[in-house]
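This report concerns only the one structure given below.
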Amino acid sequence: EVTFMANIIDMDVIDGLKEVGDQDFLIELIDLFLTQAKELVESINQASKAQDLDIINKSAHKLKGSCLNLGANDMGEICQKLESDAKENKLDNLNELVEKLHSISVETFSELTKLK
């Protein structure tokens, strides 16, 4: 059983981004993230059905980076786990992790949208 702490968005990261740029800058980053992240979650979803670990590894790695840039720590943590499992050819938790990624991504997208 994989459990994660409820740390959907790290507001320190968001505040840091606001210091770098203004609200428009933040909105741009969030919009870019939402577009990319939705594609990557979908790509991981499809790859898990095909058990294509190479795509899972690459997509999870890319998604993890984007998540951490915006302080989406829980989502980033699941990506990290998916990436390392895919590298080690571990399939036993794959479906559970992909489902977790899906449900946490919905929450994450919703929380980020509220910040715009």
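The values are calculated or read from the model by the stated rules, or taken from the named source; none is laboratory data. Note that the structure is predicted; figures quoted are calculated from it, not measured. FYI the Cβ positions are ideal-geometry reconstructions off the backbone, even for glycines, and counts take in every protein chain you see. In case anyone asks, the SASA skips ligands and DNA or RNA and just uses the protein heavy atoms, side chains included. Shrake-Rupley method; radii C 1.70, N 1.55, O 1.52, S 1.80 Å.
Within the stretch 42-53, take every residue that is more than 15 Å from Glu88 (Cα to Cα) and aliphatic (A, V, I, L, M) and give me the one that is surrounded by the most Cβ atoms within 10 Å (Cβ to Cβ).
Ile44
Residue-wise test of (1) in contact with a strand residue (DSSP E or B) (Cβ under 9 Å, 6 or more places away or on another chain); (2) open to solvent by less than 30 Å² (accessible area, probe 1.4 Å); (3) closer than 13 Å to Ala37 by Cα.
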residue: Ile55; (1), (2), (3): no, no, no
residue: His61; (1), (2), (3): no, no, yes
residue: Leu91; (1), (2), (3): no, no, no
residue: Asn95; (1), (2), (3): no, no, no
residue: Val98; (1), (2), (3): no, yes, no
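Among the residues of the stretch 62-74, is any in a helix (DSSP H, G or I), touching an Asp or Glu at 6+ places or on another chain (Cβ under 8 Å) and basic (Lys, Arg)?
Yes.
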